[in-house]
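The values are calculated or read from the model by the stated rules, or taken from the named source; none is laboratory data. Everything quoted here is computed from the prediction, not taken from an experiment. Positions of Cβ are backbone-derived with ideal geometry, glycine not excepted, and every protein chain shown enters the neighbour counts.
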Amino acid sequence: MYIRFTPVKSGKMSTPEKTILIILLVVALGTRLFYIVNSPELKLSHDEIGYHEMTRRFLEKGFLGYYSEEPSAYVTPGYPLFLAAVYSFAGLLHTGPLTTVRIIQGIISIGSVFLVYLIARKGAGPAAGFLAAVLAVIYPSSFMANNRILTEVLYTFTLLGYILSLITAFERQALAYHALSGALLAVAVLVRPAAASFLVVPYIVQFILRRNFRVVIGLLAAVTAFCLVMSPWWVRNYLLFDKFIMFATQSGDPILRGTDPYDRYDRIGPSVVANVPPAEKTKVAFQRIKEGLKTDPWLWIKWFTVGKLSFLWLKPWGVYTAWAKGLHFWVFVVMGWLGAFFNLFDSRMRWPALFVVFSTLIQLAFIPIERYMYPLTHIMAIMAAVLLVKIVRKVLTLQG
C-alpha cells in the first residue's frame, strides 16, 4: 500500500509568518510563566524526590546516586546534570532552586512549541505549523508538566530536536545531519533511555524502501555520533562498576511492575517487586509472563494489548477536567493516531509517525503510565495538524 502525497515546499519564512509565530510564542511563554508563578508548590513525588536528592548529593559530594549514598547508574545522568546546572544558577541569583527549575522548564517548553511548528511546517506548510503549535500551546498537561521536577519537559525538547534533524538528514542526504541526528538522540537518551533503540529503525526502513547503500553510510554517521556523545557515561560506568552499562540499571523494575495485570501500583494483592533483587527483576518478569500466558492467556493477552494501551493513551497526564479529557481524546488520540497512520506514507512525516508507533509498542513491555506518553503528544499535535491541513487542501482541490 502506498499513498502519494504532493510535497509541500516550506521555504523561508515570510515576514508576516515570522511575526505571527513570534506573537504565538510570546503569548505561550507569558501564559506558562503566569501559571508557574501562580501555582501552589507541588509536593514532590517519589521520582521527583529521587532527582532532587540526587542533584543535591552531586553538588555536595560530587557523585551521581539515585536514592543512594554511593555512585549508581540507576538512571541516566541527563536530567540530574540539568538540575545541577539550574540549582547552581539559582544559587547565583539567590532564588529558590525548584522555582527556578520550573521557570526554565517553562522557557524550554516554548522551544518545544517552536520545534513542533518547524516539523509540522515541513509536512504541510505554515498552516499545519501554526495549527500544530497552537495545539501544543493549549494542551493542558503542558502547563502542569513545567511544574514537575521530572524528565518530561527536557526530554520532549531534545526528542523533537532529534526528530527535526532526522527529517532534515533524509531530506538533504547530508552526513552532517545524520551525525547531528545521532548526537541529538544520544542527548535525549541521556535524559530518558526510552528512544535509544529507534536509532537504527529509520535506516532499516529507508533501506527496505530505497535499496540504496548510501543509507548505510548515513547510519554509520549517526551511530558514530551517538556513541561519541554516550561515551563519557559508558566510561564512567565501566570505571566505577567494572562492567559495561549502556543506559541505566532501572529497567527491571518497570518491566516487572508491568506484569501485574490492571494493577500498576500494587494496590490489589502483594507487591510484585517486593523482595526481588534488582538483578533478578527482568528474569522474574519474563517468568511471570510465561506463567500468566499458561494459566490465564486471555487476561494476559488483553493486558499486554488493549489493557496497557488504555492506560497509556485514554487520558491526559495529570489533568482530568472534562474539556481536557475531550481535547486529549479527540484531537491527540483519535486525530493523532489517524494522522500517524496516514503520515507513515509521507516521506517527510514518516519518521515522527513511525516514532509514535514504535515508542508505544516498546512501552507495552513496561508499566503503562500516561506520563510516559506525554512527550509523544507533541508529535500527535503534528500528526493531527498535518492530516487536517492535507484533508482541507484535498477538499478544496476537488471543489476547485
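At a glance:
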item	result
Test result for Val215, more than 23 Å from Glu370 (Cβ to Cβ), without any contact (Cβ under 8 Å) to a residue 24 or more places away in the chain and either in a helix (DSSP H, G or I) or touching a helix residue (DSSP H, G or I) at 6+ places or on another chain (Cβ under 7 Å) (or both)	yes
Some residue of the stretch 290-302 being without any contact (Cβ under 8 Å) to a residue 24 or more places away in the chain, small (Gly, Ala, Ser) and over 26 Å from Thr156 (Cβ atoms)	no
Those residues of the stretch 242-279 which are among the small types (Gly, Ala, Ser) and assigned to a loop (DSSP other than H, G, I, E, B), in sequence order	Ala248, Ser251, Gly258, Gly269, Ser271, Ala274
Matching residues, the stretch 336-349, being in a helix (DSSP H, G or I) and either among the aromatic types (Phe, Trp, Tyr) or surrounded by fewer than 20 Cβ atoms within 10 Å (Cβ to Cβ) (or both)	Trp337, Leu338, Phe341, Phe342
Leading residue by the ranking (modelled with the lowest pLDDT) among those in the stretch 182-214 that are more than 12 Å from Leu159 (Cβ to Cβ) and of a type in the set (D, E, K, R)	Arg211
Number of positions in the stretch 60-93 that are over 25 Å from the mean Cα position of the chain (by Cα), surrounded by 14 or more Cβ atoms within 10 Å (Cβ to Cβ) and aliphatic (A, V, I, L, M)	1
Test: residue in the stretch 4-26 that is under 30 Å from Phe341 (Cα atoms), aromatic (Phe, Trp, Tyr) and part of a loop (DSSP other than H, G, I, E, B)	yes
Residue match in the stretch 123-138 (condition: within 15 Å of Leu376 (Cβ to Cβ), crowded, with 24+ Cβ neighbours inside 10 Å, in contact with a Phe, Trp or Tyr (Cβ under 7 Å, 6 or more places away or on another chain) and not acidic (Asp, Glu))	yes
Qualifying residue in the stretch 243-253 (condition: buried (at least 19 other Cβ atoms within 10 Å of the Cβ) and aliphatic (A, V, I, L, M))	yes
Within the stretch 309-322, tally of residues that are touching a residue at least 12 places away in the same chain (Cβ under 8 Å), surrounded by fewer than 14 Cβ atoms within 10 Å (Cβ to Cβ) and farther than 21 Å from Phe366 by Cβ	1
Residue check, Thr282 surrounded by fewer than 18 Cβ atoms within 10 Å (Cβ to Cβ), among the polar types (S, T, N, Q) and either assigned to a helix (DSSP H, G or I) or on the phi < 0 side of the Ramachandran plot (or both)	yes
Matching residues in the stretch 350-368 - criterion: being buried (at least 18 other Cβ atoms within 10 Å of the Cβ) and among the β-branched types (Val, Ile, Thr)	Val356, Thr360, Ile367
Selection count where residues are at pLDDT below 95, surrounded by 13 or more Cβ atoms within 10 Å (Cβ to Cβ) and under 25 Å from the mean Cα position of the chain (by Cα), scope the stretch 9-44	3
Close pairs from the stretch 244-257: first in contact (Cβ under 8 Å) with a residue 40 or more places away in the chain, partner among the basic types (Lys, Arg) and part of a loop (DSSP other than H, G, I, E, B), Cβ under 8 Å, at least 6 apart	Arg257/Arg264
Pairs with Cβ under 8 Å, 6+ apart, first in the stretch 74-88 and under 24 Å from Gly252 (Cβ atoms) and at pLDDT below 95, second of a type in the set (Val, Ile, Thr) and not in a helix (DSSP H, G or I)	Tyr74/Thr249
Condition broken by Pro71, with the remaining ones in (1) under 29 Å from Phe355 (Cα atoms); (2) touching a helix residue (DSSP H, G or I) at 6+ places or on another chain (Cβ under 7 Å); (3) not small (Gly, Ala, Ser) satisfied	(1)
Unmet criterion (only one of (1) under 21 Å from the mean Cα position of the chain (by Cα); (2) under 18 Å from Phe366 (Cα atoms)) for Trp330	(2)
Qualifying residues in the stretch 208-235 (those that are more than 13 Å from Leu190 (Cα to Cα) and crowded, with 16+ Cβ neighbours inside 10 Å) - the one farthest from the chain's Cα centre (by Cα)	Val215
